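Written out below as structure tokens is the structure these notes cover.
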Amino acid sequence: MKAFALNLAATVLFAIAASATAQEYPSKPIRIVASEPGGGGDFLARLIGQGLTANLGQPVVVENRGGGVIAGDLVARSAPDGYTVLLYGNTLWLLPLMRSRIPYDPFRDFLPVTLVARAVNVLVVHPAVPARTVKELIAVARARPGELNYASAAPGTSNHLAAELFKYMAKVNIVRVGFRGSTSALTSVMSGQTHLMFATAAGVTPHLKSEKVRALAVSSREPSPLFPGLPTVAASGVPGFETVSMHGVFVPARTPPPIVARLNQEIARVLHRPDLKSRFDTAGVEPVGNSPEAFAAVMKDEVTRMEKVIRSAGIREE
């Protein structure tokens, strides 16, 4: 009984301290740890940072770090006080499926704040490929197993995982040709060096009107407003297919719930500002701003869906 009373008292004191901390939050600058400069995560971090600076009355600075392991490890070991937050993509929660040693657990060492944005991939083919629909592409690939190839950036990137999921679900044998980045991969499709690719929305949009590539479908579950009239892969012959590039905000585990709720509310305010819509459209992303619980569910669902694909394809991100 005495032990119970002590535990109860400690819980009450912690709740009071957390509430007081949240009421004072923020009282000093906040840093957003993001990926390398110039990437999609960096763009989103700086956009959110500017909005939070205005909303919270404290400077919000972006600190660029390298790969997901470096940024994730730094934030996981930071004080759980809301002053160090992480903005990162799918790689953060998919890395444990592709590496044997990760210094953090994405579900144990972080609290999700909100899914910031998602970006569809667009399945494109070189005009010489005799396919104008996903079903026609599948038919060509099945008639010529191992002859069609797809371009992708480094192992584990969104366009690589999208193509491997397509191979797995459509039951086709297409061969990966790797490139250092998405831009060079897309260039290879436009030149005819490779046959197809799941290209990023921002990267491929300028080339669709020039007809250097032919778009067949988007990779999201629902049609994308960024590509009106373009069907989904799921509705075009591969039921259940879905893969999108996502970025979300996290804080270290044990961050007080009121601080998580405040960050969630303020980030959603920034994402839903009407004056930012054109900037999101230009970057090829769709802002989200959901609840921590909804974001956690999205992460777990993607890990469940992609685990078999990653294991089957032997994808390793070293």
(request) Treating cross-link reach as a plain straight distance, find the lysines whose alpha-carbon is under 23 Å from the alpha-carbon of Lys212, omitting any fewer than eight places away in the same chain. (result) Lys135
(message) Is there a quick way to get the dipole size of the chain? I mean about its Cα centre, with the Cβ of Lys and Arg at +1 and of Asp and Glu at -1; what is the value in debye to the nearest 20?
(response) 480
(request) Tell me which residues come under 5 Å, amide H to amide H, from Ala217 once H is placed; ignore anything under 5 positions away on its chain. (result) Leu123
(request) Mind scanning Lys171/Lys277; Lys277/Lys300; Lys171/Lys300 and naming the pairs with a C-alpha gap bigger than 31 Å? (result) Lys171/Lys277
(request) Convert each backbone phi in the stretch 143-151 into a coupling constant with the Karplus relation 6.51 cos²θ - 1.76 cosθ + 1.60 (shift: θ = phi - 60°), then list the ³J(HN,Hα) values in order as whole Hz, x for Gly and Pro. (result) 6, 10, x, x, 8, 7, 10, 10, 9
(message) How much length would be gained if the chain were fully extended between Arg221 and Gln58, taking 0.36 nm per residue of separation minus their Cα-Cα distance, in nm to one decimal?
(response) 54.9 nm
(request) Sort all Cα-Cα distances of the stretch 122-236 into consecutive 5 angstrom bins from zero, then give the percent of pairs in each bin up to the one containing the longest distance. (result) 2, 13, 25, 28, 22, 10, 1
(request) Provide the per-residue ³J(HN,Hα) series for the stretch 153-162, in order, calculated from phi with Karplus coefficients 6.51, -1.76, 1.60 and θ = phi - 60°, each as a whole number of Hz, with x at glycine and proline positions. (result) 7, 4, x, x, 6, 4, 6, 5, 5, 4
(request) Give a residue-ordered list of calculated ³J(HN,Hα) values for the stretch 213-229 (Karplus: 6.51 cos²θ - 1.76 cosθ + 1.60, θ = phi - 60°; whole Hz; x for Gly, Pro). (result) 9, 10, 7, 9, 5, 9, 8, 7, 5, 10, x, 8, x, 6, 9, x, x
(request) Compute the distance in nm between two label points, each set 7 Å from the Cα along the Cα-to-Cβ direction, one at Val175 and one at Lys277. (result) 4.7
(request) Would you mind checking which residues have amide H under 5 Å from Tyr88's amide H? H placed 1.01 Å from N; only 5 or more apart, or other chain. (result) Gly248, Phe250
(message) Using the crude model of +1 on Lys and Arg Cβ and -1 on Asp and Glu Cβ, and no other charge, please compute the dipole size for the stretch 122-236 relative to its Cα centre, in debye to 20.
(response) 120
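No lab work stands behind these numbers, since they all come straight from the coordinates. Model, not experiment: these values are computed from the prediction. Every residue, glycine as well, gets a Cβ built from its backbone with ideal geometry; the counts of neighbours run over all protein chains shown.
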